[in-house]
Amino acid sequence: MSEADKSTVSTVLREFEKLGLIERVERRHSGGRGRPSEGYAISSAGGLVVGVNLRPKEIRLVLADLAGEPRAVLSRPMAENVNDIGRSIHAGIVGLMISAGLEEATLRAVGITVPGLVQTDGTVRHSPNLDWSNFNPKMQLMSETEVPVFIGNNADGAALGEILLKNPPSDRSFMLVLCDSGVGAGLVYNGELCRGDGGFAGEIGHQKIMRGGRNCICGSHGCLDAHVSNRSMMAIVCEAGIEVDEFADIVRLVEAGDPRMTGIMKDYIDAMAMGLANSVSVTGLPDVVLSGGMAAMYPHIERQLHEALKDLIHPQLLVDLRFTVGMEENRERPLGGVAIALEGCTGFAALEHAPWAPPQQREPLNSLATSGETL
Ligand SMILES: [Zn+2]
């Protein structure tokens, strides 16, 4: 865009404004002095997308506007039969739209996130957490709805959320590490998500961090996932005879300085440091955004983690290494799916789905109700 001339940019902006995707806003300078300047913001009335997060026992859906602001959420149990996944997601979308008092046809796009290896054509090559191999939920859902459907790995979705849903949008380079039922990373270079040729870039969870380590859900052993994922930590803590119901309970025990957690946390930090050091060294992305379980744990282990990393990474990379906690990507509001939908319906690769595609391909929305289950 930086090389486009001013009149082209103005024409595009006017088109977007006409379609209701963006709106003119007045920006006042701090202190209230001087003339206010004009700018554009994404219009919250420009359209809606649905984000879908597929979890081992749950299909979680969120309806959001183009700025990523959630309007309504809905949860359904995961379908028992894999052939019913598309129908079940669609039933969730219909339920979500009814709760918001809107027609399904008013949706711009649906974005699905999956924990696992997702090919660029939407095939889930392997998801140990969902126990799927070579299965395409995108194709199933597309046979149920006219709304454009996009799909991606859940760490990629969370990374896209950092790019697309932050204000102002970021063009930085970073690695987002999502630690939930599994562990994965989204690699972002200069504001662009790098998926790799097959779509599997950033699959850091199944790198081996120790020979003869714990058995992993992928069928191997010694994986980073087997030592630090929320699911693995629940197993490790239960094996130690400590009663916990969810990962947040483990964080509470660490925060309270429970002595039973000392040895467990030393192993956790060592494993996490090894996995992060290897990943940073390979990707060249020392700006690390933590999400999920690692983000919740980080404030309580910051000093020990940095100490453990000292021996594992090139001293010059260590100088640049920094951790931040990412946008909240949780089971209540799966915004990664929203980001996948936004990227899909605004990308040049999906021009036929774009909201500004020629009218014969897609009628622009005239108006959208803004009612719905208020969050
Ligand atoms: Zn593994």
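No value in this document is a laboratory result; all are computed from the given coordinates. Model, not experiment: these values are computed from the prediction. Here the Cβ is made from the backbone with ideal geometry for all residues, glycine too, and neighbour counts use every protein chain on show.
Add +1 for every Lys or Arg and -1 for every Asp or Glu among the other residues with Cβ under 13 Å from the Cβ of Gly196, and state the total.
Within the 13 Å Cβ shell, the charges total -2.
Below 8 Å, C-alpha to C-alpha, sequence gap of six or more: please give me the relative contact order for the range 171-325 in percent.
Worked out over the range 171-325, it gives 24 percent.
Taking the highest mean first, how do the peptides 87-94, 229-236, 141-148 order by number of other beta carbon atoms within 10 angstrom per residue?
Ranking the peptides 87-94, 229-236, 141-148 by packing returns 229-236, 87-94, 141-148.
Using only the alpha-carbon atoms of the range 128-192 as identical scatterers, what base-10 log of I(q)/I(0) does the Debye formula give at q = 0.16, 0.17 Å⁻¹?
Each listed q corresponds, in turn, to -0.69, -0.75.
Once Rh for the range 171-325 is found with the Kirkwood sum over Cα pairs, what is the Stokes-Einstein diffusion coefficient at 4 °C and 1.567 mPa s, in µm²/s?
Calculated translational D: 82 µm²/s.
Which pairs break 32 Å Cα to Cα here: Lys138/Lys166; Lys57/Lys310; Lys166/Lys266?
With Cα atoms farther than 32 Å apart: Lys57/Lys310; Lys166/Lys266.
Could the peptides 149-160, 298-309 be put in order, highest first, of the mean number of other beta-carbon atoms found within 10 Å of their residues?
Final packing ranking: 149-160, 298-309.
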